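Heads up, the thing below is written out as structure tokens.
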Amino acid sequence: MERRDWSLKALSELNRIDSLESFEKADAIVRWHENYLSKNEITDFDLEKDDLIRLSELFFKNIKFLKDQKDIARDEIKRINNTKKFLQN
């Protein structure tokens, strides 16, 4: 029962994270990963079929989101570096 409660809490937090804004969401996803997957495996979740489907949807949606955020952050860093170079000349 303890593992089930842990699994439901993880799913609930991931649902909540899904409603956050960009950078706040990215930070929350990283914290979620540290809390639930750094010491455990994805196979440790004890959820019903519908909950597992929702978890997998959110999981892969957030992976795509993080990849997009990485690209946005990289572009922003390039823009800042170009601005610094321009201002130094």
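The values are calculated or read from the model by the stated rules, or taken from the named source; none is laboratory data. Nothing here was measured: the structure is a model prediction, and the numbers come from that model. As a convention, Cβ positions derive from the backbone with ideal geometry for all residues, glycine included, and neighbour counts pool all protein chains shown. For accessibility, only protein heavy atoms count, side chains too; no ligands or nucleic acids. Shrake-Rupley method; radii C 1.70, N 1.55, O 1.52, S 1.80 Å.
Structure notes:
- Qualifying residue in segment 72-84 (condition: in contact with a helix residue (DSSP H, G or I) (Cβ under 7 Å, 6 or more places away or on another chain) and in a helix (DSSP H, G or I)): no
- Check on residue 12, closer than 30 Å to residue 1 by Cα, small (Gly, Ala, Ser) and part of a loop (DSSP other than H, G, I, E, B): no
- Residue-level check: of (1) open to solvent by less than 80 Å² (accessible area, probe 1.4 Å); (2) closer than 23 Å to residue 1 by Cα; (3) in a helix (DSSP H, G or I), residue 26 misses just (2).
- Members of segment 35-71 that are open to solvent by 90 Å² or more (accessible area, probe 1.4 Å) and assigned to a helix (DSSP H, G or I): 35, 43, 49, 50, 57, 60, 61, 64, 67, 70
- Verdict on residue 18 being surrounded by 12 or more Cβ atoms within 10 Å (Cβ to Cβ) and closer than 12 Å to residue 59 by Cβ: yes
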